[in-house]
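A quick write-up on the structure given underneath.
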Amino acid sequence: MVAAFGFTLVFAGLLTHPLVSVAGVIALGSGLLGWARAVFPTEAHEEVPVIEPAAGPVVPKRGIRRLRIGESGHRARLPVEVYPYSAGIVGGLVGGGAMVVLALVYGMVAHHSPWYAVNLLAASGSASIAAMSGDELLRFHAGAFVLATIIHVVGSALIGLLYGVMLPIFSRHPIIVGGIVAPLLWSGLLYSVQGIINPTLSERVDWSWFAAFQFVFGISAGLVVVRRARVFTLQYRSFAEHAQVVGTGLPRKGQETDQ
């Protein structure tokens, strides 16, 4: 998936910006390298304890025990466990709250007004706000505040949900992927296309602070998500459970499935 995403970015950079192609080459190379490491086995020694057989005759056990998905090498769709959707939404809202604090600091430090970042976010969804002068962006506007709040809350929840879905795939380094790699790619992609989508707004965005916002969001949301306990995917449920079949012969939770 990483290799395919990098391959897409390589050609997307031909239409947007060379930095997008550079990011695509890096992602493509890392994906192919990880793919090769997973395909080619390496030699290793593993110690297996020898268990003496129990004394007495071996009595075969009748019946068939059905393996759960993923048990004893039984095939399963990966990832087997995922974070609940609520974890992603909560993580996104927490990350959005951290971004608000940093945005207020940026407004006071760079423009001596806490409303600059708010109005600038609202300008991404309103042409009239985007046409305001620099002095007007420093003042409070009720309509811009409501629009910015809606954009920020909905966007944070949706991106947080995406984080919750994607982080189980990168189980080795979820915080690095969610807090550094993803914000870096997202910031670079927006930087390359914003000049085409909205050139006026692109000139007013401080991209160094914008990238800092994304890093704060990614790390905050990622920390919240990875602290939640994972749940098994629906592939662990039988066909009868999926079909909501009710019957006395169906096994219950905690009951043996030997037949």
>> Suppose we keep only residues that are of a type in the set (G, A, S) and surrounded by 20 or more Cβ atoms within 10 Å (Cβ to Cβ) within the stretch 157-171. Which one would you say is nearest to V225 (Cα to Cα)?
In response: G164
>> Being more than 23 Å from R204 (Cα to Cα) and not hydrophobic (A, V, I, L, M, F, W, C) is the requirement here; does G143 meet it?
In response: no
> In the stretch 77-102, what count of residues is obtained for those that are hydrophobic (A, V, I, L, M, F, W, C), more than 17 Å from V154 (Cα to Cα) and either in a helix (DSSP H, G or I) or touching a Lys or Arg at 6+ places or on another chain (Cβ under 7 Å) (or both)?
Replying inline: 3
> Somewhere in the stretch 160-172, is a residue of a type outside the set (D, E, K, R) and more than 11 Å from the chain's Cα centre (by Cα)?
Replying inline: yes
> Do you know which residues across the stretch 101-137 are among the β-branched types (V, I, T), closer than 25 Å to L161 by Cα and surrounded by fewer than 16 Cβ atoms within 10 Å (Cβ to Cβ)?
Replying inline: V101
> If we only count helices (runs of 4 or more DSSP H) wholly inside the stretch 145-235, which ones have 3 or more residues that are farther than 30 Å from G134 by Cβ and at pLDDT 75 or above?
Replying inline: 207-226
> Do we find that A122 is in contact with a helix residue (DSSP H, G or I) (Cβ under 6 Å, 6 or more places away or on another chain), modelled with pLDDT of 85 or more, within 20 Å of L158 (Cα to Cα) and assigned by TED's automatic domain parsing to the domain that holds R204 in this structure?
Replying inline: yes
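The values are calculated or read from the model by the stated rules, or taken from the named source; none is laboratory data. These figures come from a predicted structure and were not determined experimentally. Don't worry about glycine lacking a Cβ; one is built from the backbone with ideal geometry, like all the others, and counts go over all protein chains shown.
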